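Chemist: The structure's right below; bear with me while I get my questions together.
The values are calculated or read from the model by the stated rules, or taken from the named source; none is laboratory data. Predicted, not measured: the structure shown is a model, and the values here were computed from it. Glycine gets a Cβ as well: all are built from the backbone with ideal geometry, and neighbour counts include every protein chain shown.
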Amino acid sequence: MKNNVRRPRRLKKAPDSAAGQLARALRVARQAKGLTQEQAGAAMGLSSSTVQRAEAGTSVPKKYVVDQYIARLGLDFDRAQSLWEAARHPGGRPRRVLTPAPALALVKDVSDFGAALMRLWEECDRVSPEEMQRRAEIAHQRDKTRFKFLSRSAAYRLSRRRQPPSSVQQLRSYLHACGVPERRFGAWIEVYQRVKAKEREEARAKKKEREEARREWAWEGRSRAEAVMSAAGLDPTEPPPRSSAAPWSARCRRCGKVSRVRLTSVAQGRGCQICVQKSPLLISSRPVYPRDRQSDFSTCF
């Protein structure tokens, strides 16, 4: 029985095309070193099948493959770059659409810094996450105190504005993976530290606002809770608990004895458990203990 599944069509081999010329340049560089495809793959950290496909001319190799030929086998950088660009864009390189980002000195917050990192990645020809991980790993092995391991998932998130760098070491690894010279690291690190300081300051301000709002709700909730207890003929003998369902010690005005009651029960009309009498508290059509934030005693204590 014949298999009806169609295989993906491969590009026709054209020696005179840019892809064919690039493949021929790769083969010449390998043969000049006197290496087989297996030996060249081992020297460059690539599989033999990857080397075979790159030198076949039926497809355009990845940029990191060409970079390995340049670094390990002595392929001319300018010629390899021009051939790879021509093979990748046969009709001419399309106009790049870059992410709008402020200049590094004008970055104000985390959002601006993320846009600047994404713009940097776009300007370095959108390096693949795998290649960024490989470059960062080399720098990490060279100096583990200044560089941090950069996984391909972290490289992807940083280059797509999904998250900011977690540390200065990770920022250095990202910059190195994007091909930024180390002499420019200082400017990026200074902006990063300024942005993180502003972020921490804003977080402290928001926390302070939440604490002040919670304190206001706590005082309002305590006064309303004591009003409910007073209407039921109960005088609390201790501060209110943190939950409206927790027991609360109170002295009954009728019998003069102290008992443990729950605010939710008192709000529903059940007063002193010793007197075994209904509280004179009148329950209106709107419950005394509704489920909104202003009356939810559990959120106020």
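Chemist: Can you say whether LYS198 is under 27 Å from LEU158 (Cα atoms) and surrounded by 12 or more Cβ atoms within 10 Å (Cβ to Cβ), as far as the supplied structure shows?
Modeler: Criteria met by LYS198.
Rundown of residues vs (1) under 35 Å from the mean Cα position of the chain (by Cα); (2) in contact (Cβ under 8 Å) with a residue 24 or more places away in the chain, yes/no style:
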| position | (1), (2) |
| --- | --- |
| VAL28 | no, no |
| GLN31 | no, no |
| ALA40 | no, yes |
| ALA56 | no, yes |
| TYR64 | yes, yes |
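Chemist: Sort out which residues of region 31-54 are hydroxyl-bearing (Ser, Thr, Tyr), assigned to a helix (DSSP H, G or I) and farther than 16 Å from ARG134 by Cβ, and write them in order of number.
Modeler: Correct list: SER48, SER49.
Chemist: Can you confirm whether ALA80 is of a type in the set (Gly, Ala, Ser), in the same structural domain as ALA23 (by TED's automatic domain parsing) and surrounded by 13 or more Cβ atoms within 10 Å (Cβ to Cβ)?
Modeler: yes
Chemist: Can I ask one more? Select the helices (runs of 4 or more DSSP H) contained entirely in region 103-161, then report the ones holding at least 1 residues which are of a type in the set (Ser, Thr, Tyr).
Modeler: 110-123, 152-159
Chemist: I've got another one for you. Among the residues of region 25-46 satisfying the criterion of being of a type outside the set (A, V, I, L, M, F, W, C) and exposed (fewer than 15 other Cβ atoms within 10 Å of the Cβ), which is modelled with the lowest pLDDT?
Modeler: Per the stated criteria, the residue is GLY45.
Chemist: Given the criterion within 20 Å of PHE185 (Cβ to Cβ), surrounded by fewer than 17 Cβ atoms within 10 Å (Cβ to Cβ) and polar (S, T, N, Q), identify the matching residue among GLN141, GLN133. If you could, list the steps in order and put the result at the bottom.
Modeler: Working: GLN133 fails: surrounded by fewer than 17 Cβ atoms within 10 Å (Cβ to Cβ).
Testing whether each residue is within 20 Å of PHE185 (Cβ to Cβ), surrounded by fewer than 17 Cβ atoms within 10 Å (Cβ to Cβ) and polar (S, T, N, Q) leaves just GLN141.
For (1) out of contact with any Pro (no Cβ under 9 Å at 6 or more places or on another chain); (2) modelled with pLDDT under 80; (3) surrounded by fewer than 14 Cβ atoms within 10 Å (Cβ to Cβ), each residue gets a yes or a no:
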site	(1), (2), (3)
ALA245	yes, no, yes
ARG253	yes, no, no
VAL258	yes, no, no
VAL261	no, no, no
LEU282	yes, yes, yes
TYR289	yes, yes, no
ARG293	yes, yes, yes
PHE301	no, yes, no
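Chemist: Any residue in region 138-159 that is aromatic (Phe, Trp, Tyr), closer than 22 Å to ARG200 by Cα and out of contact with any Cys (no Cβ under 8 Å at 6 or more places or on another chain)?
Modeler: Of region 138-159, the ones aromatic (Phe, Trp, Tyr) are 147, 149, 156.
Pick out the ones that are also closer than 22 Å to ARG200 by Cα and you get none.
Looking through region 138-159, none of the residues is aromatic (Phe, Trp, Tyr), closer than 22 Å to ARG200 by Cα and out of contact with any Cys (no Cβ under 8 Å at 6 or more places or on another chain).
Chemist: Further question: Would you call TYR64 within 26 Å of PRO165 (Cα to Cα) and in a helix (DSSP H, G or I)?
Modeler: Numbers: within 26 Å of PRO165 (Cα to Cα): yes; in a helix (DSSP H, G or I): yes.
Yes, satisfied.
For every residue, the table says whether it meets (1) touching a Gly at 6+ places or on another chain (Cβ under 6 Å); (2) within 14 Å of CYS275 (Cβ to Cβ); (3) β-branched (Val, Ile, Thr).
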position	(1), (2), (3)
ALA225	no, no, no
VAL228	no, no, yes
ALA231	no, no, no
LEU234	no, yes, no
SER259	no, yes, no
SER265	no, yes, no
